Amino acid sequence: MFAARGIAVTLSVFLIVYGVVSLAVCLCWRAGQLHSRRYPVRRIADLLFAMRMFPLVTAAVITAAFTVPSFLLLEPRAIDEPLGYTPLVLGIGGALLGILGIANAGIALRSAAHRISRWTSAAQPVGSWGAVPVIRISPVSAITIPAMTTAGILRPRVLLSGAAESLLTASELQAALNHEVAHVRRRDNLKKLLLRLVAFPGMRNLEGTWLEATEMAADDAAVSNACEALDLAEALIKLSRLTPPEPSAVLTAALIHSPTSVMNARIERLIAWSDERLVPLPRFSPRYGLGAALATVAVFATTYSQLLASVHTATEWLVR
Amino acid sequence: MKQVFHFGASSPQLGPLEERLLEALWERGNATVRDLVNGACQGLAYTTVMTTLDRLFKKKLLSRETDGRAFRYAPRFTREELHRQVAGEAFRQLMDASSASSLPLSYLVDVLTERDEQLLNHLHQVVEAKRRELRGGESRRGEAPSKTKSETPTKLKI
């Protein structure tokens, strides 16, 4: 019963923290995005992703660092306390949340693997670009293939259709490949998989905005001057004519994707390229990070026992 | 908008004057007849504005409340809301216009594709103009172009 109670309390706290923080993120992410408008788009993309993952990280840290130790250290094992209705329901909710997240990610992985295997059934490796393998794909029977996309999580590859390769000029193809390599370097497909784990209603807009920002961040990383920006813009225009924009297949990063309004915004952004976008992001000294970590450890070291006691009181209230 | 605009059972259409007054009210938020006659609708007779506003009120496009001895009118919908309703109504009419329901949708897809194509053409022209501008800037400075761009598709060594 002690173990069952511990698991129920742990899952309940996880669910409560996850739900409350997710709700807060749902309500506040727009404000965060507005405040970050002056930053480069890649930083905005990172911020949006961090906001999206914040509920999971916070819930996991609070559960692992406080709830579990407080229960193990302060809950008397000898008392055979019955498992209350509230922690039981919340615990089941927490377990379902985890199961749903894992199932969602598993389904996405399976669907992506299936789709990629269909696309690459008649594929030919053509070399590598920026240390990323490039594979030429060709349509087989009635399967629609993307003009260019990045697929794979652990071993990402750029899939390039023969039509796109023949349609683009050398400089346009180079810019387009740079865009896909930027997705690989930023591990965007892995991030998409992580988003599948942390489902929460009402986060669709945040995820959509993050997707737009990742595409624009990859555009920025792919070009280094106005000429290259125009090459990439021209590549987007040509490939948009080739294949009507569709949503990127699950866990892939297609160069051409819907909605069309985002494609147009990307093209217009590239046309209005400014060298100011090349300004490197201010890097924080590792000393600041180390200082913050040491300060956090010191604070927790001095107040940890009190915190555990407070958390235990809260969980006791939850059990009763 | 006025050609497809049907509101409620009476299905009235928006005339040019009604559109003008509606625009003026969207700009101001709310107004009395006197405000409009003295402001955005100068040159129109007081009674004309009053009658038109009353017509818009009866079409349920405006709300009104008493302000002294006059009425103060305000739009019941934002411009975007009204456009959305108009578009929705137009699509409904389009769908109802044919017994084969897929046909109107295919017209719609055709129109959207046409518009996309026009937009892409426009963007292509902007890219070309920008390229010319860049080349012009470089040649004025007497510099070699930063990149030689081949206009025909070329194989890239990957």
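The rows are residues; the columns are (1) out of contact with any helix residue (DSSP H, G or I) (no Cβ under 6 Å at 6 or more places or on another chain); (2) within 14 Å of chain B (Cβ to nearest Cβ); (3) not in a helix (DSSP H, G or I).
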residue: A:LEU194; (1), (2), (3): yes, no, no
residue: A:GLY202; (1), (2), (3): no, no, yes
residue: A:GLU212; (1), (2), (3): no, no, no
residue: A:CYS227; (1), (2), (3): yes, yes, no
residue: A:ALA233; (1), (2), (3): no, yes, no
residue: A:ILE237; (1), (2), (3): no, yes, no
residue: A:PRO247; (1), (2), (3): yes, no, yes
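Put simply, of A:LEU97, A:LEU72, A:LEU48 the only residue that is part of a helix (DSSP H, G or I), within 14 Å of A:TYR18 (Cβ to Cβ), touching a residue at least 60 places away in the same chain (Cβ under 8 Å) and hydrophobic (A, V, I, L, M, F, W, C) is A:LEU97.
Applying the selection to the stretch A:172-204, what residues are open to solvent by less than 10 Å² (accessible area, probe 1.4 Å) and farther than 19 Å from A:ALA45 by Cα? A:GLU172, A:LEU173, A:ALA175, A:ALA176, A:LEU177, listed by residue number.
The test for being more than 14 Å from every other protein chain (Cβ to nearest Cβ) and either in contact with a Gly (Cβ under 7 Å, 6 or more places away or on another chain) or surrounded by fewer than 22 Cβ atoms within 10 Å (Cβ to Cβ) (or both) does not hold for A:LEU255. Residues that are farther than 22 Å from A:GLU215 by Cβ, hydroxyl-bearing (Ser, Thr, Tyr) and away from chain B (no Cβ under 12 Å): does the stretch A:145-158 have at least one? Looking for residues that are farther than 22 Å from A:GLU215 by Cβ, hydroxyl-bearing (Ser, Thr, Tyr) and away from chain B (no Cβ under 12 Å), one finds none in the stretch A:145-158, hence no. Look at A:GLU228 and say whether it is touching a Ser or Thr at 6+ places or on another chain (Cβ under 7 Å), closer than 30 Å to B:GLU138 by Cα, modelled with pLDDT of 90 or more and not small (Gly, Ala, Ser). In short, no. Among the residues examined, A:VAL68 does not qualify as in contact with a strand residue (DSSP E or B) (Cβ under 8 Å, 6 or more places away or on another chain) and surrounded by 15 or more Cβ atoms within 10 Å (Cβ to Cβ).
Yes or no, residue by residue, for (1) over 24 Å from the mean Cα position of the chain (by Cα); (2) over 25 Å from A:MET148 (Cα atoms):
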residue	(1), (2)
A:ARG241	yes, no
A:ALA249	no, no
A:ILE256	no, no
A:THR303	yes, yes
A:ALA309	yes, yes
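Specify the residue that is nearest to A:ARG241 (Cα to Cα); the eligible residues are those in the stretch A:266-278 that are of a type in the set (A, V, I, L, M, F, W, C) and open to solvent by less than 40 Å² (accessible area, probe 1.4 Å). The qualifying residue nearest to A:ARG241 (Cα to Cα) is A:ILE267.
The values are calculated or read from the model by the stated rules, or taken from the named source; none is laboratory data. Owing to the predicted nature of the structure, the values given are computational and were not obtained by experimental measurement. Heads up, the Cβs are rebuilt from the backbone with ideal geometry, glycines too, and the neighbour counts pull from every protein chain shown. SASA here: full protein model, heavy atoms, side chains in, ligands and nucleic acids out. Shrake-Rupley method; radii C 1.70, N 1.55, O 1.52, S 1.80 Å.
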